[in-house]
Amino acid sequence: MHTATTDTLTCDTARLARWLDDPDYAYARGLLTTGEGPLARLRRWVGDRLAEWFDWTLNDTQLNWMFVAVAVVCVLLLAWFVWHRHPGLFRSVGRNATPVAADEDTIYGIDFATETERAVARGDYHTAVRYTYLHTLKRLDDAHRISWQPYKAPNEYIYELRDADTDAFRRLTNAFLRVRYGNHVPTRAFYEETARLADAVCAPRKGGEA
């Protein structure tokens, strides 16, 4: 009995459709070019990786939330890095200020007016001179006349202060260096001179800036 042979040239459309939808057979996807920018390509690449890892749990909306979570983590890491490198930027002055070490030269976390007055009252002119200088740095930084950083040397601020008060500020800086690092024992007259220099440096200028 003669039986009809199978036509091997017939296209199995159902199987072809499955192959076309299967990303494992998308051999030309690496050759395709689009008009998307680098950020869009990066987002698509990350999305593909997340889809590969979590395709059994995440839909498109959940993938978008995943991007938000990744962005939040990146912001938190950046904030931690800035805080780790420049902790003074996150300090406040007042009753709730973070305590600082007595020998730390910082312009944050210290009530300079009160601490200087206390130092003078007990005859500690070493501390009074030091606080007077640091308070001057804070006032200049607040007025954007210098940019204070904990790693900068005192002499660097002399070159930043490019105005008529440079000479007074240089003398104030030298007085601070003598007391802080030169083992100079200041007297009340020495302190009063540094206070006068600080007032001259921070005196209001034309335009009302302090």
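Read-outs throughout are calculated quantities, based only on the coordinates presented, and are distinct from any laboratory measurement. Since the structure is predicted, the reported quantities are computational estimates derived from the model, not experimental observations. Cβ placement follows ideal geometry from the backbone for every residue including glycine, while neighbour counts extend to all protein chains displayed.
If you stretched the chain out fully between A14 and D142, how much longer would it get, using 0.36 nm times the residue separation minus the C-alpha to C-alpha distance?
On the way: separation 128, 0.36 × 128 = 46.08 nm, distance 7.31 nm.
In short, 38.8 nm is gained.
Kindly list the residues of the range 120-138 that lie in the label zone of T187, defined by a backbone N under 15 Å from the point 7 Å along the Cα-to-C-beta vector.
125-126
Under 14 Å from the Cβ of T132, count the other residues' Cβ atoms, weight Lys and Arg +1, Asp and Glu -1, and hand me the total.
Working: positive: R118, R130, K138, R139, R171, R178, R180, R188, R196; negative: D105, D111, E115, E117, D124, E192, E193, D199.
Surrounding charge for T132 is +1.
For the range 104-196, report the % of Cα-Cα distances exceeding 16 Å. Don't skip to the end; give the middle numbers.
Details: 2210 of 4278 pairs.
Distances greater than 16 Å cover 52 percent of the Cα pairs.
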